[in-house]
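Okay, structure first, notes after.
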Amino acid sequence: MRLSRQTLDRLPATVERPDYDPARLAVGIVHLGIGAFHRAHQAVFTDAVLADDPSWGICGVSLRSPETRDALAPQDGLYTLKVQDGEGEEVQVIGSVVELLCAPEDPEAVLARMANPATRIVSLTITEKGYCHNPATGKLDEGHPDVVHDLQNPARPKSAVGFIVEALARRASAGVPPFTLLSCDNLPSNGHVLKNVVTRFAELRDPALANIIRELASPSTMVDRIVPATTEKDRSDISAAIGVVDAWPIVTEPFRQWVVEDDFPLGRPAWEKAGVVFVDDVAVFEMMKLRLLNGSHSTLAYLGYLAGAETVAEAMALPGMEALIEGLMVEEVSPTLPALPGFDLAAYRRALLQRFRNPALRHRTWQIAMDGSQKLPQRLLGTIRDRIAAKASYDRLALGVAAWMRYARGLDEKGAAIDVRDPLAGRIAAAAQPLPRPEEIVAALLRVTEVFGEDLSSDEAFRDTLVRTLATLMSKGAAAAVKSFA
Ligand code: CS2
């Protein structure tokens, strides 16, 4: 038997379930990129306030594969959320996703849903690379194959940007006001980045449309919850625990945070009742989270992977790693953060270390290592720029970057191939793999200016620091390099 509206009544009493009738929900939000993160974060905050207003149900769109739709549509969009740490677990069924669409199969259905006047918010978790932008400059990559395709085929788009602009064009011609755009990806000023790429794309299509888009609301957000990819074991354990089959449950940690700029001309769910924090400017929160959490995460991922740690918790247990990460946060990142009056930064950092240690989450270093070329700029390189400007040291940050270079080259410490997933993987491996010497590898990778920007690409002191760090990493190995911080 499958989890569905029909079987909700059969769930054990310990399983929390929707406090509203899922059959009465209507779609008010279209979410592009219905992956695990959305389902553990925005969909959960929304689920908590639907009893007040059932018009904010979510239509979840996959831009690539039909897997999520295939798993959840037979379950009426319902799925289980298992929240766990070393101390215990809670199990809840989430009902906020009411419709599932797979864009490549039926782009027209997605556009119709986005153009529908009842859709007032279009939110996104499409990962960094989904923005088709140059990570160093934040500008639309006009040569991106999906951008080129979508400009030529506006009614059958592939990219999120293409879908958004076509849907806005249809709304404009029908006299329907634009929806609010809500980026929930780990990019600094994600609302601005999104609006910039969308506006530029519209300019290339039709300047009149670009003028309309310039006026739309695209608040920035800071999102936070650690959500590892679901495993087969999660599926079978959770299905056994709830007594019906759930084809795609989600496992996550207790911590969750969502800070949002309050700019929703067509309204929004009463998310504040679920703990969402509304602010005028999210930039400081975003910088803090991207640099402290995600910067540490990427450092843990590359060094941990190279040293043979499969999960973040295992990487944290490597001798010296905790001291390295704590030092990175305290000595090198925190001094670059603007003041946040009344905010206890030390407690935030302590909580991060504890979250990274969570033994109940099997968060693979390989998963976080993905798409490094898109992540490095906002996680480590911006911090390094600030440290250079302040004439301050950045040895631990450089170790994170050198570990990325070592990893992205595509050969592990035993010379075996690494399954590097990154839009630039081919180019990076072609440039760096044939080269044996650290100075050559660093020089080759610094030429990737969409990662390093023109400034860092040509900064000699930065280059020398990386060469020195990569040389140590290559001669001693990652485990020993980490151990030296013990
Ligand atoms: C991680 C993030 O996969 C990654 O790159 O660093 O997904 C991280 O778990 C989230 O940003 C936590 O909020």
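Each Cα pair of region 418-486 feeds into the Kirkwood radius, which the Stokes-Einstein equation turns, at 37 °C and 0.692 mPa s, into a diffusion coefficient of 250 µm²/s.
Per residue, the Cα convex hull of region 359-486 amounts to 123 Å³.
Placing +1 on the Cβ of every Lys and Arg and -1 on the Cβ of every Asp and Glu, with no other charges, gives region 213-322 a dipole of roughly 100 debye about its Cα centre. Here LYS391 is the anchor, and the lysines within straight C-alpha reach of less than 28 Å, apart from those fewer than 8 places off in the same chain, are LYS289, LYS375, LYS483. Look at the alpha carbon pairs under 8 Å that are at least 6 residues apart: their mean separation over the length of region 294-344 gives a relative contact order of 28 percent.
Among HIS144, HIS38, HIS149, sorting on how many other beta-carbon atoms sit within 10 Å of each Cβ, with the fewest leading, yields HIS149, HIS144, HIS38. Across the chain, Cα pairs under 8 Å and at least six residues apart give a relative contact order of 15 percent. Partner lysines whose Cα lies under 20 Å from the Cα of LYS233, excluding those fewer than 8 positions away in the same chain, are identified as LYS82.
Give the Rg/Rh ratio for region 184-297, taking Rg as the radius of gyration of the Cα atoms and Rh as the Kirkwood radius, to two decimals.
Working: Rg = 18.5 Å, Rh = 16.9 Å.
Looking at region 184-297, the ratio lands at 1.10.
Taking other C-beta atoms within 10 Å as the exposure proxy, VAL198, VAL259 rank VAL259, VAL198 from fewest upward. Centre-to-centre separation between the Cα atoms of region 27-87 and those of region 409-486: 38 Å. Basic side chains Lys and Arg get +1 at the Cβ, acidic Asp and Glu get -1 at the Cβ, and with that the dipole of the chain about its Cα centre reaches some 640 debye.
What is the fewest-to-most order of ASP150, ASP19, ASP76 by other Cβ atoms lying within 10 Å of their Cβ?
Final ranking by Cβ density, sparse to dense: ASP19, ASP76, ASP150.
The share of C-alpha pairs in region 241-332 whose separation exceeds 24 Å stands at 48 percent. Normalising by residue count, region 62-148 has a Cα convex hull of 168 Å³ per residue.
Working note: Debye formula, equal point scatterers on the alpha-carbon atoms of region 171-227, no solvent; log10 I(q)/I(0) at q = 0.14, 0.21, 0.23 Å⁻¹ is -0.43, -0.79, -0.89.
For region 352-417, the alpha-carbon radius of gyration amounts to 1.32 times the rule-of-thumb value 2.2 N^0.38 Å expected for a compact globular protein. Peptide packing for 440-448, 410-418, 295-303 was compared via the average number of neighbouring C-beta atoms within 10 Å per residue; ordered from the highest value, the list is 295-303, 440-448, 410-418. Comparing ALA360, PRO135, LEU293 along the charge dipole axis of the chain, the residue lying farthest to the positive side is PRO135, per the Cβ-charge model.
Taking Cα atoms only, the orientation of helix 395-408 departs from the longest principal axis of the chain by about 70 degrees. When the convex hull of its Cα atoms is viewed from all sides, region 107-179 shows a mean projected area of 5.0 nm². With Rh defined as the Kirkwood radius, the inverse of the mean 1/r over Cα pairs, the Rg/Rh of region 216-281 is 1.15. If you wrap region 326-376 in the convex hull of its Cα atoms and look at it from every side, the mean projected area works out to 4.8 nm². Helix 232-242 and the long axis of the chain differ in direction by around 40°, with both axes built from C-alpha atoms.
Computed from the C-alpha gyration tensor, the three semi-axes of the ellipsoid equivalent to region 267-379 are 26, 17, 14 Å, from longest to shortest.
Quote the charge dipole size of region 407-486 about the Cα centre in Debye, to the nearest 20; the model charges only the Cβ of Lys and Arg (+1) and of Asp and Glu (-1).
380
For region 96-236, the alpha carbon positions stretch 51, 35, 27 Å along the principal axes, listed from largest to smallest.
Given the DSSP H assignment, sum -39500 (n - 2.57) over each helix run of at least 4 residues in the chain and divide by its residue total; what's the result at 222 nm in deg cm²/dmol, nearest 500?
Values: 23 runs with 207 residues, N = 486.
After summing the helix terms and dividing by the residues of the chain, the value is -12000 deg cm²/dmol.
If you take the charge dipole of the chain about its Cα centre, with +1 on Lys and Arg Cβ and -1 on Asp and Glu Cβ, which of SER458, LEU182, CYS102 is farthest toward its positive end? Value: SER458. Take the Kirkwood radius over Cα pairs of the chain, plug it into Stokes-Einstein at 4 °C and 1.567 mPa s, and you get 56 µm²/s for translational diffusion.
Extent of region 383-452 along its three principal axes (Cα atoms, max minus min coordinate, largest first): 39, 25, 21 Å.
Bear in mind that the values in this text are calculations on the coordinates, not laboratory data. These numbers were taken from a predicted model, which means no experiment stands behind them. A quick note on method: Cβ atoms are made from the backbone with ideal geometry, for glycine too, and the neighbour counts reach across all protein chains shown.
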